[in-house]
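Novice: Below is one structure. I have some questions about it.
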Amino acid sequence: MPKNKPKPVKGRDYDSMTGADAVAFGMRQINPDVVAAFPITPQTEIMERFSQFYADGIVDTEMILVESEHSAMSAVVGAAAAGARAMTATAANGLALMWEIVYIAASTRLPIVMNVVNRALSGPINIHCDHSDSMGCRDSGWIQIYSENGQEAYENTIFAVKFAEHPKVRLPVMVCQDGFITSHSVEPINFIHDDKVKQFIGKPKPEFSLLDVDNPITLGPLDLFDYYFEHKRQQIEGMENARKAFLDVAKEFEKTCGRRLQYFEEYSSKDADYVLVVMSSTAGTAKEVVDRLRKQGKKVGLIKPRLFRPFPYEEITKALEGKKAVAVMDRSASFGAQGGPLFLEISSAMLNSAKKPKLCNYIFGLGGRDTSMQDIEKVFEDLMNGKPKALNYLGVRG
Amino acid sequence: MLELKFFGRAGQGGKTAAEMIADSALDEGKFTQSFPEYGPEREGAPVKAFVRINDKPVRLHCQIQSPDIVVVIDPTLLECLNVTEGLKENGLLVVNTPKTPKEIREQTKFSGKICTVDGTKISREIFGRNFPNMPVLGALIKAKEIIRMKSLENQIICIFAKKIGEEKTKKNIETVKRAYEEAQIDG
């Protein structure tokens with residue numbers, strides 16, 4: 001949104017909608033060749049809205065309604081291998097059921113874009129937000145981008161198409177937003193003009209296509225101890241390339257669409273002594289807390305990572321070096337580990353830094369548990385008192 | 001920032017009412033956010049919906065703990081929920097009920113402004129059915145003009161005209177206006 005008030009109603013370029021609607025709106029602008037979806041829960045409103053665009057003939061997409069999430073991912077893998085621009089969306093246990101093919105999509109270097117509405121994995125059965133679904137496949141080889149609100153989910157989705165198809169990257173991208181908290185929350189969304197989106201994403205330029213019968217190729221064959229390792233090594237390289245390509249594509253995105261995308265957002269953090277690191281919707285609440293504490297003269301700040309895979313470890317190390325204390329907040333647990341996935345990432349990024357701040361971890365919001373301003377204030381208080389434990393749990397009984 | 005909390009029962013249109021208030025405010029140049037609380041969805045279950053209206057973009061993504069305004073669409077909820085929990089002392093409580101504001105004050109012990117309207121009766125007389133979500137909005141903006149009547153009318157037309165046709169849309173506007181006239185305020 002613009003910093004000032006929205007423009008007057010007539011001819012305005014924004015409208016109120018849910019985070020899920022905003023992504024569907026973006027998908028309409030992208031006009032993918034193929035969209036596959038499992039049309040039953042845990043599917044989200046993203047696909048409900050997009051299938052409406054499809055039914056109304058507004059998009060040229062071939063829409064495939066499949067019998068399971070496993071098949072949805074398989075269908076987009078097939079479509080992308082044929083050279084199509086393919087998308088899908090899922091959440092929670094739907095993503096879990098896709099698992100096997102999620103890995104294959106990345107290993108086959110297929111630039112699929114998938115919107116994930118972050119929701120807790122069962123059991124016990126829970127439909128609300130946490131990051132256990134996408135964090136569960138953080139090592140699947142997909143790029144992961146997280147969104148604070150519907151606005152960012154919308155922009156990240158459009159960005160992801162070009163980013164995934166970048167010739168140096170060619171990897172699938174997961175665009176994540178918080179289940180219910182932003183996916184079902186109605187907020188004003190500021191759109192990019194259809195023409196600008198079209199200009200930015202361009203036409204897909206696949207290097208290979210299964211449909212190109214004059215140049216036949218083989219995808220996903222048996223690959224044992226002779227070459228599997230080399231292929232994995234290349235896949236790792238592709239992910240490394242993505243780190244730099246992100247910046248190039250972001251530059252182009254800003255030039256064409258006027259929206260800025262960074263590895264992470266630094267909010268009042270540059271001169272701060274105490275910094276909080278948190279992803280997605282909670283970062284919005286944390287910004288209000290930072291403002292409140294700043295007014296009291298407390299030197300606090302926030303870092304909100306947007307790109308989680310590949311992780312911008314060098315840049316985030318630089319941003320956190322020399323701070324007195326840093327609290328990393330994780331909306332998922334890594335059972336038996338020293339902390340949540342984001343904490344582990346930042347700890348290892350800072351391992352060799354000479355100016356390493358005191359680091360601690362807060363697990364929060366599992367299964368949609370509300371995280372209030374007071375909760376976040378408590379984290380800052382812990383930091384400033386200098387007494388946080390290495391691993392803490394926010395807002396949990398016992 | 002203004003924060004509102006709606007209490008209703010699933011199927012009564014609490015979510016729609018909340019979104020209408022938010023969208024009307026958006027039309028008036030404000031920044032807004034509205035969201036329902038989801039649970040096991042079944043008709044008749046108590047549900048909540050929330051609205052934030054602000055002059056700056058709304059960045060908070062937590063629940064509303066101390067609202068400025070509480071709107072109760074179904075009066076039976078007063079008996080099973082503490083609807084005024086967290087409601088600011090100088091806040092506003094709007095209830096769809098045949099009771100007077102004084103009777104509601106007695107029942108809830110709330111000390112701030114109270115507004116009541118028999119939205120169910122109005123809706124039954126105009127529609128022949130109970131759609132209590134629209135009349136409470138008429139009462140709400142009489143007690144506190146957080147949005148203009150004209151903006152609400154526009155929203156009703158925007159949302160209902162296509163869905164339920166012109167005649168029923170007009171009836172919705174009629175219920176809102178009559179509720180505005182008949183609402184009683186105390187405090």
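Novice: Taking the stretch A:192-221 as the search range and keeping residues that are in contact (Cβ under 8 Å) with a residue 60 or more places away in the chain and of a type in the set (A, V, I, L, M, F, W, C), which one is nearest to the other protein chains (Cβ to nearest Cβ)?
Specialist: Checking each candidate, the answer is A:Ile192.
Novice: Something else about it: I'm told A:Gly301 meets every condition in (1) within 14 Å of another protein chain (Cβ to nearest Cβ); (2) surrounded by 22 or more Cβ atoms within 10 Å (Cβ to Cβ) except one. Can you identify the failing condition by its number?
Specialist: Looking at each condition in turn, A:Gly301 falls short on (1).
Novice: Given the residues B:Phe110, B:Phe160, which is the only one that is out of contact with any Gly (no Cβ under 7 Å at 6 or more places or on another chain) and more than 22 Å from B:Gly11 (Cβ to Cβ)?
Specialist: B:Phe110
Novice: Kindly establish whether A:Val275 is away from chain B (no Cβ under 12 Å) and at pLDDT 95 or above.
Specialist: Answer is yes for this residue.
Novice: Still on this structure: Please enumerate the residues belonging to the stretch A:81-97 that are over 15 Å from the mean Cα position of the chain (by Cα) and without any contact (Cβ under 8 Å) to a residue 60 or more places away in the chain.
Specialist: Listed by number, the residues that qualify are A:Ala86, A:Asn93, A:Gly94, A:Ala96, A:Leu97.
Novice: For the stretch B:94-136, give me the residue count where each residue is closer than 21 Å to B:Ile159 by Cβ and touching a Leu at 6+ places or on another chain (Cβ under 6 Å).
Specialist: Here the count works out to 1.
Novice: Just checking, does the stretch A:114-122 include any residue being on the phi > 0 side of the Ramachandran plot and either not hydrophobic (A, V, I, L, M, F, W, C) or not assigned by TED's automatic domain parsing to the domain that holds A:Asp33 (or both)?
Specialist: The first filter runs over the stretch A:114-122 and keeps only residues on the phi > 0 side of the Ramachandran plot, leaving none.
Checked against the condition, which is being on the phi > 0 side of the Ramachandran plot and either not hydrophobic (A, V, I, L, M, F, W, C) or not assigned by TED's automatic domain parsing to the domain that holds A:Asp33 (or both), the stretch A:114-122 yields no hits at all.
Novice: While we're on this one: Examine the stretch B:132-141 for a residue that is surrounded by fewer than 21 Cβ atoms within 10 Å (Cβ to Cβ) and in contact (Cβ under 8 Å) with a residue 40 or more places away in the chain, and state whether such a residue exists.
Specialist: No: the stretch B:132-141 contains no residue that is surrounded by fewer than 21 Cβ atoms within 10 Å (Cβ to Cβ) and in contact (Cβ under 8 Å) with a residue 40 or more places away in the chain.
Novice: Go through the stretch B:58-86 and give me each residue that's in contact with a helix residue (DSSP H, G or I) (Cβ under 9 Å, 6 or more places away or on another chain), buried (at least 16 other Cβ atoms within 10 Å of the Cβ) and within 14 Å of chain A (Cβ to nearest Cβ).
Specialist: Applying the first criterion (in contact with a helix residue (DSSP H, G or I) (Cβ under 9 Å, 6 or more places away or on another chain)) to the stretch B:58-86 yields B:58-62, B:65, B:69, B:71-75, B:78-79, B:82-84.
Remaining after also requiring buried (at least 16 other Cβ atoms within 10 Å of the Cβ): B:58-62, B:69, B:71-75, B:78, B:83-84.
The answer is B:Val58, B:Arg59, B:Leu60, B:His61, B:Cys62.
Novice: Can you confirm whether B:Ala161 is under 17 Å from B:Val71 (Cα atoms) and either modelled with pLDDT under 95 or crowded, with 17+ Cβ neighbours inside 10 Å (or both)?
Specialist: Details: under 17 Å from B:Val71 (Cα atoms): no; either modelled with pLDDT under 95 or crowded, with 17+ Cβ neighbours inside 10 Å (or both): yes.
In short, no.
Novice: Turning to a different aspect of this structure: Restricting the search to the stretch B:1-23, which residues are within 13 Å of the chain's Cα centre (by Cα) and within 12 Å of chain A (Cβ to nearest Cβ)?
Specialist: Listed by number, the residues that qualify are B:Lys15, B:Thr16, B:Ala18, B:Glu19, B:Met20, B:Ile21, B:Ala22.
Novice: Here is a follow-up. Looking at B:Glu145, B:Glu167, B:Glu181, can you tell me which residue is in a loop (DSSP other than H, G, I, E, B) and surrounded by fewer than 22 Cβ atoms within 10 Å (Cβ to Cβ)?
Specialist: Testing whether each residue is in a loop (DSSP other than H, G, I, E, B) and surrounded by fewer than 22 Cβ atoms within 10 Å (Cβ to Cβ) leaves just B:Glu145.
Novice: Within the stretch A:175-191, identify whether any single residue is away from chain B (no Cβ under 14 Å) and in contact with a Lys or Arg (Cβ under 8 Å, 6 or more places away or on another chain), and answer yes or no.
Specialist: The answer is no; no qualifying residue exists.
Novice: Say whether the condition of being assigned to a helix (DSSP H, G or I), in the same structural domain as A:Gly368 (by TED's automatic domain parsing) and touching a Lys or Arg at 6+ places or on another chain (Cβ under 7 Å) is met by at least one residue in the stretch A:287-297.
Specialist: For the stretch A:287-297, residues assigned to a helix (DSSP H, G or I), in the same structural domain as A:Gly368 (by TED's automatic domain parsing) and touching a Lys or Arg at 6+ places or on another chain (Cβ under 7 Å): present.
Novice: Scanning for something more than 14 Å from chain B (Cβ to nearest Cβ), closer than 22 Å to A:Ala36 by Cα and in contact with a strand residue (DSSP E or B) (Cβ under 6 Å, 6 or more places away or on another chain), does the stretch A:115-127 turn up at least one residue?
Specialist: yes
Novice: I'm checking my understanding of the structure. Among residues of the stretch A:335-391 that are β-branched (Val, Ile, Thr), in a helix (DSSP H, G or I) and within 30 Å of A:His184 (Cα to Cα), which one is farthest from the other protein chains (Cβ to nearest Cβ)? Steps first, answer last, please.
Specialist: Step one: list which residues in the stretch A:335-391 are β-branched (Val, Ile, Thr), which gives A:346, A:363, A:371, A:376, A:379.
Still in the running and in a helix (DSSP H, G or I): A:346, A:376, A:379.
If we keep only those that are within 30 Å of A:His184 (Cα to Cα) as well, we get A:376, A:379.
Numbers: A:Ile376: 9, A:Val379: 14 Å.
Only one residue tops the list, namely A:Val379.
Novice: Let me ask you something else. Only one of these conditions is not met by A:Leu320: (1) more than 14 Å from chain B (Cβ to nearest Cβ); (2) under 30 Å from A:Val161 (Cβ atoms). Which number is it?
Specialist: Only one criterion in (1) more than 14 Å from chain B (Cβ to nearest Cβ); (2) under 30 Å from A:Val161 (Cβ atoms) is unmet by A:Leu320, namely (2).
Novice: Only one residue in A:Glu288, A:Glu237, A:Glu266 is out of contact with any strand residue (DSSP E or B) (no Cβ under 7 Å at 6 or more places or on another chain) and closer than 16 Å to B:Arg59 by Cβ. Which one?
Specialist: Going through A:Glu288, A:Glu237, A:Glu266 in turn, the sole match is A:Glu288.
Novice: Which condition does A:Leu391 not pass, out of (1) more than 22 Å from A:Arg119 (Cβ to Cβ); (2) surrounded by 21 or more Cβ atoms within 10 Å (Cβ to Cβ), if it passes all the others?
Specialist: Of everything listed in (1) more than 22 Å from A:Arg119 (Cβ to Cβ); (2) surrounded by 21 or more Cβ atoms within 10 Å (Cβ to Cβ), A:Leu391 misses just condition (2).
Novice: Let me ask something additional. Is it fair to say B:Ile53 is within 14 Å of chain A (Cβ to nearest Cβ), in contact with a Leu (Cβ under 6 Å, 6 or more places away or on another chain), surrounded by 20 or more Cβ atoms within 10 Å (Cβ to Cβ) and among the β-branched types (Val, Ile, Thr)?
Specialist: yes
The values are calculated or read from the model by the stated rules, or taken from the named source; none is laboratory data. Note that this is a predicted model, so its numbers are computed, not measured. For neighbour counting, all protein chains shown are included, and Cβ atoms are generated from backbone atoms with ideal geometry for every residue, glycine included.
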